[in-house]
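Worksheet: the structure to be examined is printed underneath.
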Amino acid sequence: MTTTADRSAAIASPASRVRDRAAATPDLVALREKNRGIWREFTWTEYWDRVETFSHALIAAGIQPGDRVAIHSDNRPEWVFTDLGSIAVRAVCMGLYPTNPVAEVEYLLNDSGSRLLVVEDAEQADKVLSIPVSDLQHLEKIIYIEHRGVDAYDDPRLMSWDAFMESGAAHQEAHPQAVAERMASTEPSDLAYLVYTSGTTGPPKGSMITIENLEFATAEIAGDHGIVQPGPGLDDLIVSYLPLCHIYEKLFSVVFGTGAGVPIHFGESLDTLVADMRDVQPTIVQGVPRIWERIHAAIQVRLASASRLKRLNAVVWLKAARHIGRTLVRRHGRHTITTRFLARVGDVFLYRSLRERVGLRRIRYAVSAAAPIAPEILQFFMSIGVPIYEAYGMTENCGVATVNRPGRIRLGTVGEPYMGCEIRLDEETGEILTRHPAVFAGYWNMPDSTASTIDEDGWLHTGDVGEWVDGTHVRIVDRIKDIIITSGGKNVSPSEIENTLKTSPFIKEAIVIGDRRKYLSALIGIDFEVVSEWAQRRRIPHTTYRDLSEKPEVRALVQKAVDSTNEKFARVEQIKQFRLLAKELDHEDGELTATQKVKRSIIEERFADDIESMYR
Amino acid sequence: MRARLLHEFLQHAEGQEPILEIADLHLSFAGIKAIDGVSLTVRNGELFAIIGPNGAGKTSIFNCISGVYRPQEGSIRFLGRDLLGMKPHRIADLGVARTFQNIELFPQLTVLDNLMLGRHQHVRYGTFAAAVRFGRASREEARNREVVEGIIEFLDIQQHRKSYVLMLPYGIQKRIELGRALAMEPKLLLLDEPAAGMNVEETEDMARFITDIKRELGIGVILVDHEMRMVMDLADTVLAIDFGKPIAVGKPQEIQANQDVIRAYLGQEHSVADTGGTT
């Protein structure tokens, strides 16, 4: 058939890979979704069928190459259908964070000029419908997935997902080749995504990710020379749970899924993540530091409340684990004969059951990225048999830059550059520069920002200061703009201190202050759940977050964590004063970005009184 | 896969036929009048609220409908059948489900088991079939589980599916009680203070569940609650009673404007504060 020749000539994309897998392995499982208590499967045939029908519906709705299609939903199969269906018709998919409040929804829809928006349910529909129609010039259609509540609305832009897919099926009937023709004209320079960076300063910027970027990422990380040998494959299992509008989750749910054929699992909700992980026992787990910190805290809390015999067992084997962890770190992730033996026996007594509880029993490898993590956390996971590798990348280079690899781990670094990635440090500032085919095409409608980010020679200026370790590994010092210069003239990296503070299970947030001041101080937010349980066991009555934070016992508890952090740092880097935050930081209140990163400028403004009180 | 709407897996009602007719109900305990001449009609798809001060006899009406109390006078007809003298479990079988002011769940069982128990009158297989778990028993068990999972999804309590009820916060237990009543596939739902003791967010959630039940199932719902704002927002018809006597019946706006009601109930606290307590 001629189509086969056409296909091989055409440019590959994540969408074409789904189509090709549907042809090659039609009955293998591509996706699983837990729904009403049961894991339901989509084969590659069904996956492609949904994607193709959605694509037809987009064409029927008049979506042209280059048009933007937005989606506002938690992770679920419809998310990837929208994502890949848009790519198939050469449209650009733009994802919103489920937590984006109305004002941000309005900004993102207008800035991207999205013509069509997919919303998950009444909650997200209410956000967009509360914006006056005249303020959304570009938006023509709103597709809703969940019927409950939205069915009763009468906005003419609304259409249900089911009805939209029916319109796609009808279009397919009338023009069976329409999607194939559109796909065949795909160019490497086509925009696949607008990924809005959360922006700790200023409004979010839309990073333009091209098909070429994704293809390079697919070759680098989903291939055999990615992180581990063998590379990701059909026998692996991934749970999709980080926000799909972020490049990090896309690498796993889309690139690993379509590129390596790994079945992707969608749990029931974010609230059920632990149970879903326990069901699936994934072999590859992508996590951000906050997730690893929380799992670490959960294990500590559980051990503390176990029965005496179990606690005794845990004390013995955690001691052994510390030995294993130290050895692994020293040997860059390789066991000695002794530690391998210890790990085997420890598996029987403790480690395997610990891993099982949090869904890591079958773990082949885990990744921590998107923000810096404390080495102690990585060491802990390595010590109980979770091979975890810190990696580094950013939206602007499609998440592909450096990674630690088995047997070549340097703790405290983000690893070595991927094979096809050029990396160098700016001679003057020490800023990390990357150059490779996954470097993005620039910021949407922001030529000035683009020009100041990618230079004439094609180097991406990451905004991170780094240094080489052993000439092979990169260590991130901090964001250029976050580096603190004390009034004594010392350069201090706050994030390192903050992450060490956050290794305490009781501490959820830490913001180190001290730019142009005579010493360092910190604003600290407690982890309400963990501290509340700790307080209950000590019969300290409390009500709200604020009330708990104000207890002298809690302050003493945090003081201990601060003291042990201070022991690890030089004098100028020690925290002399701290205040406990009276409220939990929140995205909707503008204190955190959608990816839960602290917006320093806002915090310093809102808690100015607290900060000043530490320097009086 | 989208969440199923309630009518996609539960029996639902069409039209606006009257399903419950109470005429001239009288109930007294040792000479004290608890209900004194209450009459009301509830139709399919109607949210009927009963309001009144504490001890006005609201819960007593529920107890008469569900067969716990036997009124001395009057009639209660449900779908054309006389309920008076019928045993509570027979009335439940006919399709009257209720929730309680004080939660009545099995605290040592899981959420799932509590909800599955709500399905017991839809179990048609015998002991033998249950013992071998074959044929009809396994088919029905699967069907019942389907219904229960739909309810879990509706109430958004997936993460509590396997938790023991006694471990759960009060607001979630209230939801589970509603779920257990729904699992019975009622034709008439009696809700006794579903928002009592809840915070603002939990109350809003509960109001949303009640609205969705009404819209998606089209069954009759009788609601008793102190949360005035919720009652006035949700109800189609409100009956105000005081010391067991009906004072007024009508649309929420009418009741809010009714002087007798204001005096007997809404204004009670104001008058205590304003005039020094002459009610």
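When only residues in the range A:267-304 that are small (Gly, Ala, Ser) and over 20 Å from A:GLU529 (Cα atoms) count, which is farthest from the other protein chains (Cβ to nearest Cβ)? Spell out the reasoning first.
Just the residues of the range A:267-304 that are small (Gly, Ala, Ser), to begin with: A:267, A:269, A:275, A:287, A:297-298, A:304.
The next check asks that each one be over 20 Å from A:GLU529 (Cα atoms); those that pass are A:267, A:287.
Working: A:GLY267: 9, A:GLY287: 19 Å.
Looking at residues that are small (Gly, Ala, Ser) and over 20 Å from A:GLU529 (Cα atoms), I get A:GLY287.
Among the residues examined, B:ASP233 does not qualify as within 14 Å of chain A (Cβ to nearest Cβ) and not in a strand (DSSP E or B).
What are the residues in the range A:332-361 that are among the charged types (D, E, K, R) and surrounded by 15 or more Cβ atoms within 10 Å (Cβ to Cβ), if any? Please lay out each step first, then the result.
Just the residues of the range A:332-361 that are among the charged types (D, E, K, R), to begin with: A:334, A:340, A:344, A:347, A:352, A:355-357, A:361.
Matches in the range A:332-361: A:ASP347, A:ARG352, A:ARG355, A:ARG357, A:ARG361.
State all residues of the range A:584-605 that are over 23 Å from A:PHE506 (Cα atoms) and either basic (Lys, Arg) or modelled with pLDDT of 85 or more (or both); if no residue qualifies, say none. A:ILE602, A:GLU605, listed by residue number.
Any idea which residue in the range A:354-401 is farthest from A:THR413 (Cα to Cα), counting only those that are among the β-branched types (Val, Ile, Thr) and in a loop (DSSP other than H, G, I, E, B)? I'd like the intermediate steps shown before the answer.
Filtering the range A:354-401 down to residues among the β-branched types (Val, Ile, Thr) leaves A:358, A:363, A:367, A:373, A:377, A:384, A:386, A:388, A:395, A:400.
Imposing the further condition that a residue be in a loop (DSSP other than H, G, I, E, B) reduces the set to A:358, A:363, A:373, A:384, A:386, A:400.
Working: A:VAL358: 26, A:ILE363: 22, A:ILE373: 10, A:ILE384: 21, A:VAL386: 18, A:VAL400: 15 Å.
Checked the range A:354-401; the qualifying residue farthest from A:THR413 (Cα to Cα) is A:VAL358.
Quick check on the range A:29-52. Is at least one of its residues surrounded by fewer than 20 Cβ atoms within 10 Å (Cβ to Cβ), within 30 Å of A:ASP111 (Cβ to Cβ) and either at pLDDT 95 or above or in contact with a helix residue (DSSP H, G or I) (Cβ under 6 Å, 6 or more places away or on another chain) (or both)? No, every residue in the range A:29-52 fails to be surrounded by fewer than 20 Cβ atoms within 10 Å (Cβ to Cβ), within 30 Å of A:ASP111 (Cβ to Cβ) and either at pLDDT 95 or above or in contact with a helix residue (DSSP H, G or I) (Cβ under 6 Å, 6 or more places away or on another chain) (or both).
One residue stands out in the range A:130-188 among those that are part of a helix (DSSP H, G or I), small (Gly, Ala, Ser) and touching a strand residue (DSSP E or B) at 6+ places or on another chain (Cβ under 9 Å): the one that is farthest from the other protein chains (Cβ to nearest Cβ), namely A:SER167. Within the group B:ASP113, B:ASP93, which residue is within 19 Å of B:ALA183 (Cα to Cα), among the acidic types (Asp, Glu) and without any contact (Cβ under 8 Å) to a residue 24 or more places away in the chain? One residue alone meets the criteria, B:ASP113.
Tell me which residues, restricted to the range B:1-26, are away from every other protein chain (no Cβ under 14 Å) and touching a helix residue (DSSP H, G or I) at 6+ places or on another chain (Cβ under 6 Å). Don't jump to the end; show me each part of the working.
Filtering the range B:1-26 down to residues away from every other protein chain (no Cβ under 14 Å) leaves B:11-26.
Once the filter is applied, which keeps residues that are away from every other protein chain (no Cβ under 14 Å) and touching a helix residue (DSSP H, G or I) at 6+ places or on another chain (Cβ under 6 Å), the range B:1-26 yields only B:HIS12.
Restricting attention to the range B:140-189 and to residues that are part of a loop (DSSP other than H, G, I, E, B) and closer than 29 Å to B:LEU83 by Cβ, the residue that is nearest to the other protein chains (Cβ to nearest Cβ) turns out to be B:GLU185. If only residues of the range A:189-205 that are of a type in the set (Ser, Thr, Tyr) and assigned to a strand (DSSP E or B) are counted, the one that is farthest from the other protein chains (Cβ to nearest Cβ) is A:THR197. The set of residues from the range B:51-78 being part of a strand (DSSP E or B) and under 18 Å from B:ASP93 (Cβ atoms) comprises B:ILE76, B:ARG77, B:PHE78.
Within the range A:26-43, does at least one residue satisfy the condition of being among the hydrophobic types (A, V, I, L, M, F, W, C) and in contact with a His (Cβ under 9 Å, 6 or more places away or on another chain)?
Going residue by residue through the range A:26-43, those that are among the hydrophobic types (A, V, I, L, M, F, W, C) are A:28-31, A:38-39, A:42.
After this cut, where a residue has to be in contact with a His (Cβ under 9 Å, 6 or more places away or on another chain) as well, the list is A:31, A:39.
Within the range A:26-43 (the criterion being among the hydrophobic types (A, V, I, L, M, F, W, C) and in contact with a His (Cβ under 9 Å, 6 or more places away or on another chain)), the answer is yes, since at least one residue qualifies.
Residues in the range B:104-144 that are touching a strand residue (DSSP E or B) at 6+ places or on another chain (Cβ under 8 Å) and polar (S, T, N, Q): B:GLN108, B:THR110.
Going through the range A:498-535 one residue at a time, which ones are of a type in the set (A, V, I, L, M), in contact (Cβ under 8 Å) with a residue 60 or more places away in the chain and closer than 28 Å to A:ALA306 by Cα? A:LEU501, A:VAL530, listed by residue number.
The values are calculated or read from the model by the stated rules, or taken from the named source; none is laboratory data. The shown structure was predicted, so the numbers you read here are calculated from the model rather than taken from an experiment. As a convention, Cβ positions derive from the backbone with ideal geometry for all residues, glycine included, and neighbour counts pool all protein chains shown.
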